[in-house]
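Undergrad: Below you'll find the structure I mean.
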Amino acid sequence: MLTTVLTLVALLLCIVLLVRWRVRTNADWALWWHDNYLERIRDFLSGTTRPVRILKYVQRCANSGDVLSVISAIDAYCSKVEWAMNVGDEKGAILDAVVLETRPRYVLELGTYCGYSTLRIAHLLAPGARLITLEMNPHYAQVAIEMFRHAGLDAQECGLLKAGSVLLADNVTCPGAPDYLQYVRNSPRYQSQYFPARLEYLQVEDGVEKSVFLG
């Protein structure tokens, strides 16, 4: 009986070590482990999402208005607490070098996630340069907005909006963007108007929010 138990323990230990090795050395295993296993467990236990957990850590540990402090906090969280697919510190250094080498006037980023690479690019841009980052996932986008705000790089400070600029947000009712609506409707920097409509090609209530940036 004891021999059987010891054999099973040894077998289990070998499996654990094998999985750990594969996770550290194989991209497919790493993504499966972090995105389809650990992330779901953390989401269930915490009742939040990974982007929100990263944001809360940054808000707690990084200096407000300090871009480099925010970047450092994200690196610390993602390397020591919970992995996330940011560009990271190693590839981030390559990104920094390219930005400094090319000194772009306009930058278009496809995929914002939590805003990590956006922050790395933005703080290196010359005065007057413009950065536009696009994120399809509204949850990620909202987290990124809060991340930029904590870093002191919201849209106004980046110079992306001028007085009179018009923001038109779709799908604010379905699937909904309550945090965005709360912000533009309560901020003295915006004058907002809601246009009720239907979800494209369906008889489902939706709407569009028009917001004029007042400066």
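The values are calculated or read from the model by the stated rules, or taken from the named source; none is laboratory data. Just so it is clear, the model here is predicted, and its values are computed rather than measured. For neighbour counting, all protein chains shown are included, and Cβ atoms are generated from backbone atoms with ideal geometry for every residue, glycine included. These accessible areas exclude ligands, DNA and RNA; they are computed on the full protein's heavy atoms, side chains included. Shrake-Rupley method; radii C 1.70, N 1.55, O 1.52, S 1.80 Å.
Undergrad: At q = 0.19, 0.24 Å⁻¹, what log₁₀ I(q)/I(0) does region 78-137 have when each alpha carbon counts as one equal point scatterer in the Debye sum?
TA: -0.71, -1.03
Undergrad: Name the residues whose placed amide hydrogens come within less than 5 Å of the amide hydrogen of residue 207, ignoring near sequence neighbours (fewer than 5 apart) on the same chain.
TA: HN-HN under 5 Å from residue 207: 171, 172, 173, 174, 197.
Undergrad: Only Lys, Arg, Asp and Glu count, each charged at its Cβ (+1, +1, -1, -1), so figure out the dipole size of region 71-215 about its Cα centre, rounded to 20 debye. Can you show the working numbers first?
TA: Working: 12 positive and 17 negative charges, 103 e Å.
Dipole of region 71-215, to the nearest 20 debye: 500 debye.
Undergrad: Could you state the orientation-averaged shadow area of the convex hull built on the Cα atoms of region 46-90, in nm² to one decimal? Could the numbers behind the result be given before it?
TA: Numbers: hull surface 12.9 nm².
Approximately 3.2 nm², given one-decimal rounding.
Undergrad: If you wrap a convex hull around the Cα atoms of region 46-171, how much volume per residue is inside, in Å³? It would help to have the intermediate numbers written out before the result.
TA: Numbers: hull volume 14.0 nm³, N = 126.
Taking the convex hull of the Cα positions in region 46-171, it is 111 Å³ per residue.
Undergrad: Right, another one. What whole-number volume per residue, in cubic angstrom, does the convex hull of the C-alpha atoms of region 34-118 give? Mind showing how you got there, number by number?
TA: Details: hull volume 9.0 nm³, N = 85.
In region 34-118, the Cα convex hull volume per residue is 106 Å³.
Undergrad: If ligands, DNA and RNA are left out, what is the accessible area of residue 113 with a 1.4 Å probe, given in Å² to the nearest 10?
TA: For residue 113, solvent-accessible area is about 40 Å².
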